[in-house]
Every structure is written in structure tokens, then in C-alpha cells.
Amino acid sequence: MLIRCVLHPMHLESAVADKREIARYRCWYRRLLRLYPSPYRERFGEGMEQTFNDLCRERIRADQGLVWLAIWVYVETAVGIVRENATSIRRRTMKHDSIASLKIVKYSAITLGVLMAAGIVTLMILARGKGEDITGIVAPALLLTLVSGVVAAVAGVLQRRALKTMSK
């Protein structure tokens with residue numbers, strides 16, 4: 001026994017109109033999603049589109065219109081776009097600021113180390129042959145030179161890491 005489901009012509013027209021309406025709202029939503037930063041869009045865009053599509057279908061099945069749903073989702077999405085773009089800009093700015101700060105620290109430490117080494121050499125030259133004990137001055141200066149070298153090396157490594165993560 002074969003059972004056939006035949007749609008009334010009025011229901012068929014309504015179903016076609018509903019599909020066109022959903023397609024139009026989905027197209028607009030897809031365009032709106034393009035305004036998200038690309039990493040965010042790549043991670044969440046497909047799921048967001050699917051959720052919007054499901055919501056549209058549910059509203060159609062419940063015989064409810066799509067206009068208010070679309071307006072609500074579009075406004076909520078626009079707020080999210082502004083928030084994510086601001087966060088993305090802030091992250092990029094912080095990376096640039098941290099790289100610049102590390103660069104300043106690195107070169108300051110190198111400069112301090114060079115000046116301390118020059119000071120130590122100068123003291124040794126001036127004290128040569130006079131029999132003066134300069135270890136009380138040279139020992140802390142050597143320690144400071146060593147510490148500034150370590151600081152410069154660490155800042156250089158951190159700066160390189162930050163540049164690598166920024167280029168990804």
C-alpha cells in the first residue's frame with residue numbers, strides 16, 4: 001500500500017517563499033560574518049552560520065516570521081564584531097608595544113654592560129703600577145656587567161619569540 005503526501009499548491013508556494021526568505025537572510029548573515037577578524041571567523045564562522053540556519057528553520061516550522069529574529073541576531077552579531085575587532089587590535093598593539101619594550105631593555109642592558117666594561121678597563125689602566133687595591137670597585141662592576149649581559153640575552157630571546165608569534 002503506497003501512501004502519498006501531496007502538498008496543497010498554497011503550501012508549496014509558501015515553502016518556496018520560505019526557502020527564498022531563509023536564503024536571503026543567510027546571505028546577509030554570511031556577509032555580516034565577514035566583518036569578524038579572520039582568525040575568529042575561521043574558528044567560529046561555520047558554526048555560527050549553521051546555528052543561524054537552524055534558528056531560521058525553527059521559526060519557519062513554528063509559523064513565526066524571520067524579520068525580528070534576523071534583526072536581533074544581526075544586532076547581536078554586530079556587537080560581537082565590534083568587540084572582537086577591538087580585541088584583535090588591542091592584541092596586535094600590545095605585541096608591538098611589548099616588542100618595542102623588549103628592544104629598549106635589550107639595548108639598554110647592552111649599553112650598560114659596555115659602559116661598565118669600559119669603566120673597569122679604565123680603572124685597571126689608571127690603577128696599574130700604583131699598588132692600589134681596586135677589587136672593591138671592580139667586583140661589583142663585573143657583577144653588574146654580567147647581570148646586564150644576562151638581561152640583554154633574555155630580552156633578545158623574548159623579543160625573538162614575540163616576533164615569531166606575531167608573524168603567525
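The values are calculated or read from the model by the stated rules, or taken from the named source; none is laboratory data. A quick note: this is a predicted structure, and the numbers were derived from the prediction, not measured. Reconstructed Cβ throughout: ideal geometry from the backbone, glycine too, with neighbour counts over all protein chains shown.
At-a-glance table
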read-out	value
Residues of the stretch 48-85 classified as assigned to a helix (DSSP H, G or I), among the small types (Gly, Ala, Ser) and either surrounded by fewer than 11 Cβ atoms within 10 Å (Cβ to Cβ) or more than 28 Å from the chain's Cα centre (by Cα) (or both), total	1
Exclusive hit being of a type in the set (A, V, I, L, M, F, W, C), part of a helix (DSSP H, G or I) and modelled with pLDDT under 85, set Leu143, Leu163	Leu163
Qualifying positions in the stretch 93-138 - loosely packed, with under 14 Cβ neighbours inside 10 Å, assigned to a helix (DSSP H, G or I), at pLDDT below 85 and small (Gly, Ala, Ser)	Ala100, Gly136
Filter result for the condition that a residue is at pLDDT 85 or above, in a loop (DSSP other than H, G, I, E, B) and either touching a strand residue (DSSP E or B) at 6+ places or on another chain (Cβ under 9 Å) or within 30 Å of Gln159 (Cα to Cα) (or both), over Tyr36, Tyr40	Tyr36
Residue tally, condition without any contact (Cβ under 8 Å) to a residue 60 or more places away in the chain and exposed (fewer than 14 other Cβ atoms within 10 Å of the Cβ), over the stretch 139-168	12
Conditions (1) at pLDDT 85 or above; (2) hydrophobic (A, V, I, L, M, F, W, C); (3) over 22 Å from the mean Cα position of the chain (by Cα): number failed by Val157	(3)
